Amino acid sequence: MVFAGDGADLFLISAKTDRGLTLFLVPATAERVSVWPIKLYDRAGAADLQLDGCFVPSSARLGMEGEAQASVAWAMDRTSAAFANEAVGLMAALCDMTVDYLKTREQFGQAIGKFQVLQHRAVDMRINLELATSMAMLATVAVSDTNERRRSRDVSAARAAIGKASRIVCQSAIQLHGAIALTDEYPAGDYVKRLTLIERSIGDVRWHLERFAGLSA
């Protein structure tokens, strides 16, 4: 599965050669390459890519043969950091949207935001947003770290923490909004879908926790 692959002319493919992991540029129109456009959970475009005995000339190689591992790891960490920051923006929008809803939605003759138990839930959302914001800053700083092990460890720490926080924010937003949050017409549902997809992109919470533990040993 390739993000935005439904509109790509070239694919950057990692493949093992005799010397190790190597990067290749493969045209979407190359022989024995199949591309099926799909829509993801958040309705963003993507593609299922299949290579079945595909051959490319040596000129398609990008960089030195067998030396792509560090580049792939660096790209994964930078993308993870970008996802972390996008998640924080979405969580902030959900928090603001939920607080506004609590101020305007009335039940029993008064705004539901006056009920203390709902205020506590809104505060929990803000607390998790602040935690996620701090961890997103850590990931952003980490991608410039020349120490690969420390960089990947910090990025995975951020992704794991943000993944857990975003789940709490999403669940609270849906519950505090009620059924309206699940409708296609209301934007909260779109934000929740996008956050759910981000949490499972380039490793979910469990994967990043295990990676963090391995790099911290």
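The values are calculated or read from the model by the stated rules, or taken from the named source; none is laboratory data. The structure displayed is predicted, hence computed values, not measured ones. Cβ coordinates were reconstructed from backbone atoms using ideal geometry, including for glycine residues, and neighbour counts include every protein chain displayed.
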Can you tell me which residue among Val143, Val169, Val155 is within 13 Å of Leu94 (Cα to Cα), touching a residue at least 60 places away in the same chain (Cβ under 8 Å) and of a type in the set (Val, Ile, Thr)? Val169
Name the single residue that is nearest to the chain's Cα centre (by Cα) among those in region 164-217 being polar (S, T, N, Q) and within 19 Å of Thr133 (Cα to Cα). Ser201
So Ala181 ticks every box in (1) touching a Gly at 6+ places or on another chain (Cβ under 7 Å); (2) more than 21 Å from Ala44 (Cα to Cα); (3) surrounded by 13 or more Cβ atoms within 10 Å (Cβ to Cβ); (4) modelled with pLDDT under 95 but one. Which box is left unticked? (2)
Any residue that is more than 26 Å from Arg153 (Cβ to Cβ) and among the acidic types (Asp, Glu) - is there at least one of those in region 90-100? yes
Which residues, counting only those in region 73-89, are surrounded by fewer than 19 Cβ atoms within 10 Å (Cβ to Cβ) and either farther than 16 Å from Phe11 by Cβ or outside the structural domain of Glu148 (by TED's automatic domain parsing) (or both)? Ala73, Trp74, Met76, Arg78, Ala82, Asn85, Glu86, Gly89
Residue among Ala46, Ala73, Ala84, Ala4 that alone is touching a Ser or Thr at 6+ places or on another chain (Cβ under 7 Å) and either under 18 Å from Ile202 (Cβ atoms) or charged (D, E, K, R) (or both): Ala73
If we keep only residues of region 91-128 that are in contact with a Cys (Cβ under 9 Å, 6 or more places away or on another chain) and of a type in the set (A, V, I, L, M), then the residue surrounded by the fewest Cβ atoms within 10 Å (Cβ to Cβ) is Ala122
Which of the residues spanning region 46-59 are under 23 Å from the mean Cα position of the chain (by Cα) and either assigned by TED's automatic domain parsing to the domain that holds Glu86 or surrounded by 14 or more Cβ atoms within 10 Å (Cβ to Cβ) (or both)? Ala46, Ala47, Leu49
I'd like to check something: does region 14-33 contain any residue that is out of contact with any helix residue (DSSP H, G or I) (no Cβ under 9 Å at 6 or more places or on another chain), surrounded by fewer than 15 Cβ atoms within 10 Å (Cβ to Cβ), at positive phi and not assigned by TED's automatic domain parsing to the domain that holds Glu148? yes
